[in-house]
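Note sheet for the following structure.
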Amino acid sequence: QVQLVESGGGVVQAGGSLRLSCAASGRTVSTYASGWIRQAPGKERELVAAISWSGGRTTYGDSVKGRFTISRDNAKNTVYLQMNSLKPEDTAVYYCAAQISPRFDVVTDITKFRYWGQGTQVTVSS
């Protein structure tokens, strides 16, 4: 088993910033691809950002490009999501996810992630 725990969510005013963290523990994993997914009330889950094991390849949802940055520190088994210029429409539960199969580099299909965290709430007020 691989356990993922998100932290860093909270309430912020529009235009503000937050940094989410995802700490991995449990099963020892040499390599894994990671991502952040969000779900707003009444909406489908949406891929926010994804990153390869090396950190050299990333992808972002169109709605967050230029505002959010995904990164990782493998020595700390942690993936980050820096969120700047937040908008009310960014309000959602944010989930960290991972895939350990060597078949995947950057995971863009959210159904392909194997492991999920419990989620952390981000609320952006106007």
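The values are calculated or read from the model by the stated rules, or taken from the named source; none is laboratory data. Predicted model only: the values in this text are computed from it and were never measured. Glycine also receives a Cβ, built like all others from the backbone with ideal geometry; neighbour counts cover every protein chain displayed. SASA here: full protein model, heavy atoms, side chains in, ligands and nucleic acids out. Shrake-Rupley method; radii C 1.70, N 1.55, O 1.52, S 1.80 Å.
A few comments on the model shown:
- Segment 50-113 has equivalent-ellipsoid semi-axes of 21, 14, 11 Å, by the square roots of 5 times the alpha carbon gyration tensor eigenvalues, sorted largest first.
- Placing +1 on the Cβ of every Lys and Arg and -1 on the Cβ of every Asp and Glu, with no other charges, gives the chain a dipole of roughly 220 debye about its Cα centre.
- Charge dipole (the chain, unit charges on Cβ, about Cα centre) - positive-most of Gly55, Ser85, Ser7: Gly55
- Integer Hz, Karplus 6.51/-1.76/1.60 couplings in order for segment 38-51, x for Gly and Pro: 10, 9, 8, x, x, 10, 6, 5, 10, 6, 8, 7, 9, 8
- Considering only Gly16, Gly56, Gly42, the mean-square fluctuation computed in a Gaussian network model of the chain, springs between alpha carbons under 10 angstrom, is largest for Gly42.
- Surface per residue (accessible, 1.4 Å probe) for the chain, Å²: 52 Å²
- Hull-based mean projected area of the chain, where the convex hull spans the alpha carbons, in square nanometres: 7.1 nm²
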